[in-house]
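Novice: My questions will all concern the structure given below.
The values are calculated or read from the model by the stated rules, or taken from the named source; none is laboratory data. Note that the structure is a prediction, hence the values are computed from the model and not measured. We place every Cβ from the backbone using ideal geometry, glycine too, and count neighbours over all the protein chains shown. Quick note on the areas: whole protein, heavy atoms, side chains included, nothing else; ligands and nucleic acids left out. Shrake-Rupley method; radii C 1.70, N 1.55, O 1.52, S 1.80 Å.
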Amino acid sequence: MDKLDFETWSRRAALWGVQYRDRLADRPVRARTSPGEIYRAIPPKPPETGEEMERIFEEFETLIEPGMTHWQHPRFFAYFPSNAAPVSVVAEYLVTAMAAQCMLWQTSPAATELETRMMEWLGAALGLPATFSGVIQDSASSATLAAVLMMRERTLDWQGNRAGLSQMPRLRIYCSDQVHSSIDRAIWIAGIGQDNLVKIPADPLSGALPPKQLEAAIRADIAAGYTPAGVIGCVGATGTGASDDIAKLVEVAHAHDLLIHVDAAWAGSAMICPEFRDLWAGVEGADSVVFNPHKWLGASFDCSAHFIRDPEMLVRTLAIQPEYLKTHGQDGIINYSEWSVPLGRRFRALKLWFLLRFHGLEGLRSMIRDHVRWAHNLHDRLAATSGVEIVTAPVLSLFSFRRDGASDADTIAHVSAINDDGRIYLTQTRVAGRLVIRFQAGSHAMREADIDIAYAAILDGLGLQAEER
């Protein structure tokens, strides 16, 4: 591709992106293709000679785009959002064009220094103390893995990486049964083992990890010859938005000289609004905290903000410095590849810089407050509708419901009917052993009128009429 073609297709791709966003609201949220349909349409072998861009782009539009679920749709109410604010997309164009490998300070000084400053901006925006240092990870899963590895190495006096785990004490990590599955995966990869992730049943009313039960579990494990290594707290659990009492968990963890990591992947974005910070009161005492700006805040995926009280522990856990990775003649620099599991690093800080400058904190706060208010409005309308049972009350912009008396099979049928309609996209979760329907608002493109559409689509899917109780 010569420079003229590069310019032509760059412009066309950018224009396509604008037009794509502009027409999203008129499309079904989910793809309407059958399993294997796209796979069978793609030739089984690659071409021996190059093809024209016109044909490639045409098949992208006719084959690939129809098979995509539209995460930027204003009525994407499933999972958690994976927003890509337009200004973040523009920043990603620039990142992709430069295609820098930002593993070391010397491989891109601006990337390293902007990342340092952006993490300071984010920490201040969340109300975290300046004693935290930050790094941008690819996802909360990677941040949690890094935190678990740090717990492991500190507890083993930094010998796990060197000697392996076969002759080491049996470590234990503690959390509630409401944590995300990424916690389990971190335990697997860290070599600690699923059986040593002690999941304590959450309080049935609050959904929080009971501190007294945590204390009892730690003491029982010590008596049984296990070695406690850390605690993982949750703020805004995926299923229902439940949050632990972080201040009390910090107290228990530190009383036993354990590190505590706080997973606030979704809810952390809302902490830029001071009125929501009671959800993670006491977080300033944590040793590690993660939230995903690529969820609610609007930085395009991937972009996970990981804050650490003592970065030296993280570097000691993860850093490898062969000669070819050393930076000579510079003191006091940061090489963020030593703070992450992967060596390779993208220039993720640029989209945060664009996003925070363009929208400003007050613009982002207004968006989050709108989403919370609109979700509460929908909750109230459903609660007042005959035949609808509210299962869990709103936490920020997340709540759950089902049709009165619905079995699990009925609930799956209702979710399918709602989603097959195409106007909105929801997912299910399980609360107290039963399936329920889960709603969360968080799309950057969402408007208040989308709540009216959601209400109508939900009632249609439940087979109900809008009759107040």
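Novice: Any chance you could check the Cα centroid distance between region 240-275 and region 362-422 for me, in angstrom?
Specialist: What the calculation gives is 25 Å, centre to centre.
Novice: Between residue 124 and residue 49, what length comes free when the chain is fully extended (0.36 nm per residue of separation minus the Cα-Cα distance, one decimal in nm)? Please list the in-between numbers first.
Specialist: Working: separation 75, 0.36 × 75 = 27.00 nm, distance 5.33 nm.
That works out to 21.7 nm of additional length.
Novice: So how far apart, in nm, are the two label points at residue 410 and residue 453 if each is 7 Å from Cα heading toward Cβ?
Specialist: Placing both labels 7 Å along Cα→Cβ, they lie 2.9 nm apart.
Novice: Averaging over every viewing direction, what projected area does the convex hull of the Cα atoms of region 6-84 cover, in nm²?
Specialist: Working: hull surface 27.2 nm².
Result: a mean projected hull area of 6.8 nm².
Novice: Expressed in whole Å with the largest first, what are the equivalent ellipsoid semi-axes of region 129-235 derived from the C-alpha gyration tensor as the square root of 5 times each eigenvalue?
Specialist: Square roots of five times the eigenvalues give 22, 20, 13 Å.
Novice: When the Cα atoms of the chain are enclosed in a convex hull and the volume is divided per residue, what value in Å³ results?
Specialist: On the way: hull volume 84.8 nm³, N = 469.
Considering the Cα atoms of the chain, their hull volume per residue is 181 Å³.
Novice: Return one whole number: the accessible area per residue of the chain in Å², for a 1.4 Å probe. Could you put the intermediate results ahead of the total?
Specialist: Working: 21820 Å² over 469 residues.
Per-residue value: 47 Å².
Novice: Here is a follow-up. Using just the helices of the chain, give the 222 nm mean residue ellipticity in deg cm²/dmol: DSSP H runs with n ≥ 4 each add -39,500 (n - 2.57), and the total is spread over all residues, rounded to 500. Please list the in-between numbers first.
Specialist: Numbers: 14 runs with 187 residues, N = 469.
After summing the helix terms and dividing by residue count, I get -12500 deg cm²/dmol.
Novice: Restricting to bridges with both residues inside the chain, how much of the DSSP beta-bridge set is antiparallel, in percent to the nearest 5?
Specialist: Values: 25 of 42 bridges.
DSSP beta bridges in the chain are roughly 60 percent antiparallel.
Novice: What are the ³J(HN,Hα) couplings of region 181-194, residue after residue, when phi is run through the Karplus curve with 6.51, -1.76, 1.60 and θ = phi - 60°? Round to Hz, x for glycine and proline.
Specialist: So the Karplus estimates, Gly and Pro as x, are 4, 5, 5, 4, 5, 4, 5, 4, 5, 6, x, 7, x, 4 Hz.
Novice: In region 377-469, which GluC sites (Glu not before Pro) are in a loop and have at most 12 other Cβ atoms within 10 Å, using DSSP for the loop call?
Specialist: Values: sites: 389, 448, 467, 468; in loops: 448, 467.
Answer in residue order: 448, 467.
Novice: From the Cα trace of region 101-346, what convex hull volume per residue do you get, rounded to a whole Å³?
Specialist: Working: hull volume 29.9 nm³, N = 246.
Once divided by residue count, the hull of region 101-346 is 122 Å³.
Novice: So what are region 400-464's ellipsoid semi-axes, whole angstrom, largest first, if each one is the square root of 5 times an eigenvalue of the alpha-carbon gyration tensor? It would help to have the intermediate numbers written out before the result.
Specialist: Working: eigenvalues 87, 35, 18 Å².
Three semi-axes, in Å: 21, 13, 9.
Novice: Only Lys, Arg, Asp and Glu count, each charged at its Cβ (+1, +1, -1, -1), so figure out the dipole size of the chain about its Cα centre, rounded to 20 debye. Provide the component values of the computation, followed by the final result.
Specialist: Details: 45 positive and 57 negative charges, 72 e Å.
Rounded to the nearest 20 debye, it is 340 debye.
Novice: Once both labels are modelled 7 Å past Cα along the beta-carbon direction, what's the residue 319-residue 59 spacing in nm?
Specialist: Result: 4.8 nm between the two label points.
Novice: While we're here: Can you find, among 128, 83, 228, the residue sitting farthest towards the positive end of the charge dipole of the chain, where Lys and Arg contribute +1 and Asp and Glu -1 at Cβ?
Specialist: My answer, from the dipole projection, is 228.
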